[in-house]
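The values are calculated or read from the model by the stated rules, or taken from the named source; none is laboratory data. Since this is a predicted model, take the numbers as computed values, not measurements. Neighbour counts run over all protein chains shown; Cβ positions are idealised from the backbone, glycine included.
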Amino acid sequence: MAADEANAGEEEIPKTELILYFLAEQGPKTEYDLYKQFPKLSHGTIHYCLNKLVERGAITYVQSKHKKKQTKKQYYLTFVGTVTYVASTLYWQDLELTDSQIEERWKHFDEEAQEEIIEFLARQGKLLKYAIFAESKWLVERYPKIAAVYAILAHIICEDPPPPYDNLILVAKAMGRGRHMLNTREKGETSTHQEMIERLQDAYRREFNRLFFETIPFMKHNAKATVNFRLQRLAQEELEEEKHEASILELAIQLFGKQAKTK
């Protein structure tokens, strides 16, 4: 995909996206790995792009020590970055194309892109411990068009990103802790921005869960057994979450049905 022509496309693809695509297609890399891959980009540019991607929540890193006791950071895609990359395979959805051009794009997707997407998601699923991605190879054996579904769901989410907070109670709690969190930044405790990024990852996961489980029952499969306990457990967790949200609405119904107490 994009990284296959990385050096040739340095002038055409925004540098942050170029690095994101490379990390997606080649797996976790260090800054030094990126310096070697993109000799036309300065060390400062690559460092800046990595920081921007971390700030956006698209990538994160793990630190490890070399034999020479030097610390190195290995960067890899987060859940947000994974969805962003998969959505990028349908970049042409935002173009003004004729029906025949759209048909040709989907043909190209089916012939060339879907296998790479499945391989990528299987790897990311293990890294992120996310069953819907980790089971992509199992799913494609039963639902041949599942790669297109992954891409479409990712594109939908990126076009209309879910908010980091799913209800205003969480917002109020965060606002109440705001002053405390500002005072503790210097002590190295979790910052407001870091917490927001974590919530954003969770929001993307919840939205992908919802869209996937609403879509998969209506897809055609090839009659193979669909027993998968990991996906069943995740669907059950999603159902419990829906029940919890419904219970909050029930409290609201009760609240507005109460009569005022007489003194």
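Would you check which residues across the range 29-52 are among the hydrophobic types (A, V, I, L, M, F, W, C) and either exposed (fewer than 11 other Cβ atoms within 10 Å of the Cβ) or touching a Leu at 6+ places or on another chain (Cβ under 6 Å) (or both) and list them?
I46
Filter the range 212-258 down to the residues that are surrounded by 10 or more Cβ atoms within 10 Å (Cβ to Cβ) and within 14 Å of W138 (Cα to Cα) and list them by number.
Of everything in the range 212-258, those that are surrounded by 10 or more Cβ atoms within 10 Å (Cβ to Cβ) and within 14 Å of W138 (Cα to Cα) turn out to be I216, H221, K224, T226, N228, R230, L231, Q232.
Write out, first by first residue and then by second, each pair whose Cβ atoms fall under 9 Å of each other, whose residues are 6+ apart or on separate chains, and whose first residue, in the range 97-112, is within 16 Å of K145 (Cα to Cα) and in contact (Cβ under 8 Å) with a residue 24 or more places away in the chain while the second is of a type in the set (D, E, K, R) and not in a helix (DSSP H, G or I).
Close Cβ pairs satisfying both conditions: D110/K145.
From (1) part of a helix (DSSP H, G or I); (2) at pLDDT 85 or above, pick out the condition that doesn't hold for R185.
(2)
Please verify whether Y61 is among the aromatic types (F, W, Y), without any contact (Cβ under 8 Å) to a residue 60 or more places away in the chain and within 30 Å of T192 (Cβ to Cβ), treating the condition exactly as stated.
Yes, satisfied.
Cβ-Cβ under 8 Å, sequence separation 6+ or interchain: first residue in the range 1-28 and surrounded by 18 or more Cβ atoms within 10 Å (Cβ to Cβ), partner at pLDDT below 50 and in a loop (DSSP other than H, G, I, E, B). Which pairs?
Filtered contacts from the range 1-28: A2/G9; L18/A6; L18/G9; L18/E10; Y21/A6; F22/A6.
K72: of a type in the set (K, R) and over 24 Å from K145 (Cα atoms), yes or no? Lay out the reasoning, then the answer.
Numbers: of a type in the set (K, R): yes; over 24 Å from K145 (Cα atoms): yes.
So K72 fits the description; yes.
Only residues that are assigned to a loop (DSSP other than H, G, I, E, B) and either crowded, with 23+ Cβ neighbours inside 10 Å or among the β-branched types (V, I, T) (or both): list them for the range 76-104, please.
T78, T89, T98 - these are the residues of the range 76-104 that are assigned to a loop (DSSP other than H, G, I, E, B) and either crowded, with 23+ Cβ neighbours inside 10 Å or among the β-branched types (V, I, T) (or both).
How many residues are modelled with pLDDT under 85 and of a type in the set (V, I, T) when one looks only at the range 51-85?
Residues that pass the stated criteria total 1.
For the range 105-144, name all the residues that are at pLDDT 95 or above, surrounded by fewer than 17 Cβ atoms within 10 Å (Cβ to Cβ) and not in a helix (DSSP H, G or I).
Within the range 105-144, K129 is the sole residue that qualifies.
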